[in-house]
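Read through the structure below, which is laid out as structure tokens, and then see the notes.
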Protein chains: 2
Amino acid sequence: MKMLDTDKKENLRPDVLSEHCQSRFVMNHVTNRWGGLVLLALSEETLRFSALRRKIGGVSERMLSQTLKTLEEDGFVLRKSYDVVPPHVEYSLTPLGEGAAKHFGALARWLEDNLEEIMKARGE
Amino acid sequence: MKMLDTDKKENLRPDVLSEHCQSRFVMNHVTNRWGGLVLLALSEETLRFSALRRKIGGVSERMLSQTLKTLEEDGFVLRKSYDVVPPHVEYSLTPLGEGAAKHFGALARWLEDNLEEIMKARGE
DNA sequence: CAGAATCCAACTTGATACTG
DNA sequence: CAGTATCAAGTTGGATTCTG
């Protein structure tokens, strides 16, 4: 007997199109307003909080802090705190984070490279 | 004289990390809650409104309609309406949309394939 | 069938001020 | 420096109803 794609059973294969699949939960962390940009900013470069904030145009302290916490929970970002005064905290990507950043980065570069055509399609 | 990346001049190269770059504007359409999922659902398949809605778990009529309109404006989605009763409308991807879908799809597949490791990192 | 319109609830985000 | 706390404001999302 063949399994159908329409079987509601989870655990066959994750699918972001399925409402309650955990992959969509994680996808939301990567594709929300700041998640992907943080991954992008940290790819190939370890940064401190304020440097990261400067690099990502428009992000507030609150949102950056919140986004970093989420990405750290997902295992994408590594937070390294040195116990000195004044505080010194470094953020970098884990191997998992590098993987996500690679794919998000590819999407970003494609958008950047095709922006002209897209804006033309928009009639602007 | 060399141009520096830090030059505030626009039009050198689009950069999603820049606050007012239009590439970020478009990026938001692709990475908002339903944008990418619509691109994914339409890749390799033309669908009618209700079929599309069934395929994307959890999306409301309102949000689907709104998302489709945005993606159509960006030139990613093609809307084809047949003037019959009852109405018949088909949605498909433009070549531009296929490009975006390809990259978003790669990210989605990577997430799905690495979900187990991610959830392990989350301690769940 | 494919939506548009309306109303309202929930969530997100930002500004500002403050702390160890 | 690296955040947190608080509150205000904006945005998104859903349920429902309606229509050509």
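At a glance:
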{"quantity": "Some residue of the stretch A:116-124 being touching a residue at least 60 places away in the same chain (Cβ under 8 Å), at the interface with chain B (Cβ under 8 Å from one of its Cβ atoms) and crowded, with 18+ Cβ neighbours inside 10 Å", "calculated": "no"}
{"quantity": "All positions within the stretch B:56-82 that are more than 22 Å from A:ALA121 (Cβ to Cβ) and within 12 Å of DNA strand C (Cβ to nearest atom)", "calculated": "B:SER60, B:GLU61, B:ARG62, B:MET63, B:TYR82"}
{"quantity": "Some residue of the stretch A:50-62 being modelled with pLDDT of 95 or more, more than 8 Å from DNA strand D (Cβ to nearest atom) and in contact with a Gly (Cβ under 9 Å, 6 or more places away or on another chain)", "calculated": "no"}
{"quantity": "Odd one out for A:ALA100 among (1) surrounded by fewer than 20 Cβ atoms within 10 Å (Cβ to Cβ); (2) under 12 Å from the mean Cα position of the chain (by Cα)", "calculated": "(1)"}
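Condition check ((1) under 20 Å from B:GLY35 (Cα atoms); (2) buried (at least 17 other Cβ atoms within 10 Å of the Cβ); (3) at pLDDT 95 or above) across all residues:
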position	(1), (2), (3)
A:TRP34	yes, yes, yes
A:LYS80	no, no, yes
A:HIS88	no, no, yes
A:ALA106	yes, no, yes
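The values are calculated or read from the model by the stated rules, or taken from the named source; none is laboratory data. All of these numbers come straight from a predicted model, not from anything done at the bench. In this analysis, Cβ positions are derived from the backbone assuming ideal geometry, glycine residues included, and neighbour counts consider all displayed protein chains.
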